[in-house]
1. Right, Ala282: part of a helix (DSSP H, G or I), touching a residue at least 40 places away in the same chain (Cβ under 8 Å) and under 30 Å from Gly34 (Cα atoms) or not?
2. With the requirement that a residue be within 15 Å of Val231 (Cα to Cα) and among the β-branched types (Val, Ile, Thr), what does region 255-294 give you?
3. Among the numbered conditions (1) in a helix (DSSP H, G or I); (2) modelled with pLDDT of 90 or more, tell me where Gly274 comes up short.
4. Would you mind stating whether Ala94 is in a helix (DSSP H, G or I) and either modelled with pLDDT of 95 or more or touching a Lys or Arg at 6+ places or on another chain (Cβ under 9 Å) (or both)?
5. Just to be sure I understand the filter: pairs with C-beta atoms under 6 Å, separated by 6 or more residues or on different chains, first member in region 49-69 and closer than 16 Å to Val97 by Cβ, second member part of a loop (DSSP other than H, G, I, E, B) and of a type in the set (Lys, Arg). Which pairs pass?
6. Taking region 185-206 only, how many residues are aliphatic (A, V, I, L, M) and over 16 Å from Ala268 (Cβ atoms)?
7. List pairs: first residue in region 172-187 and of a type in the set (Ser, Thr, Tyr), second residue surrounded by fewer than 24 Cβ atoms within 10 Å (Cβ to Cβ) anywhere in the structure, Cβ distance under 8 angstrom, at least six positions apart or on different chains.
Amino acid sequence: MARPGRLWVEAARPRTLPASAAPVLVGTAAGAVGGGLVWSRFLLALVVAVSVQVAVNYANDYFDGVRGVDTVTRAGPRRAVASGMVPPRHMLAAVFVAIGVAAIAGVVLAAMVSWWLLLIGLGSFIALLGYSGGPRPYASAGLGEIFVFLFFGLVATAGSAYVQHRHIPAAGWVAATATGLLAVAILVVNNLRDVPTDAVAGKRTLAVRIGESRTRALFVALVGVGLLLAVVGVPLAARSAWPLLALLAVPLAREPVDAVRGGGVGRALIPALGGIGRLELAVAVLLAAGLLLS
């Protein structure tokens, strides 16, 4: 039996956490250009983003567990509630603990920058609970990708840029789109892995709706366009060659893309999930370095 601490880390799905850290890194760098980096605002934005991601993952574990979506036949890592290792009420409590951490950091950040940020935070909390909860979870309606693009792409990146000096440069918007697309790619390969069990359980994700072949093509397109925006769009928007450092991350795309294009199914796609997470984080770190140097 796993130790309690390790079990909660596992339930937080560490492979998906780059989707929350990456936009904060690159958004902060974009917003800091010309005015300097405000470390306190960066750290608070990072706490908000990671806590929201953990809350999403815990909520997904809870709702899919109690609804019977997650079963012992799923190909991905075990789920805490479905496996019986965490009582549903404890997982639900963990969801609100994660939301509470995000809310505290968000209130402090709003007090520093603008109280309007609280509306964005409230929208994020409502969206994360509706992802797999409520009478009509939109993840089961094939709309999860839109949530990820908006909140782990545009909102997280542009928001992180704004809190630095209350300004979002053009490079910030382009970077937001790039990181959003790569974050969506993480969800797409995750849902591709779970197509057989999701379909049986009645969870109609986008991957279930469009089929495995089109989902694989979508994944490749997301990675390709995301990288193109990162290595071409951001340098043009920033009017600097330094963001071209992101080219160093491009080779990391080979393993996950080959796994998906090669027809991998089930557990064979787990390395692709980790690979695309590493790719997004590497692109963000290199873009952030390039933007700060510019």
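The values are calculated or read from the model by the stated rules, or taken from the named source; none is laboratory data. The shown structure was predicted, so the numbers you read here are calculated from the model rather than taken from an experiment. Using ideal geometry, Cβ is built from the backbone for each residue, glycine included, and neighbour counts are taken over all protein chains shown.
1. Here the answer is no, as Ala282 does not meet what is asked.
2. Val283, Val285 - these are the residues of region 255-294 that are within 15 Å of Val231 (Cα to Cα) and among the β-branched types (Val, Ile, Thr).
3. (2)
4. no
5. Asn57/Arg13; Asp61/Arg79
6. Qualifying residue count for the region: 7.
7. As it stands, the answer is Thr177/Leu154; Thr177/Leu229; Thr177/Gly233, since those pairs meet every condition given.
Residue-wise test of (1) farther than 30 Å from Glu212 by Cβ; (2) surrounded by 24 or more Cβ atoms within 10 Å (Cβ to Cβ).
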residue: Leu92; (1), (2): yes, no
residue: Ala105; (1), (2): yes, no
residue: Ala111; (1), (2): yes, no
residue: Gly134; (1), (2): no, no
residue: Phe151; (1), (2): no, yes
residue: His167; (1), (2): yes, no
residue: Gly172; (1), (2): yes, yes
residue: Val184; (1), (2): no, yes
residue: Val189; (1), (2): no, yes
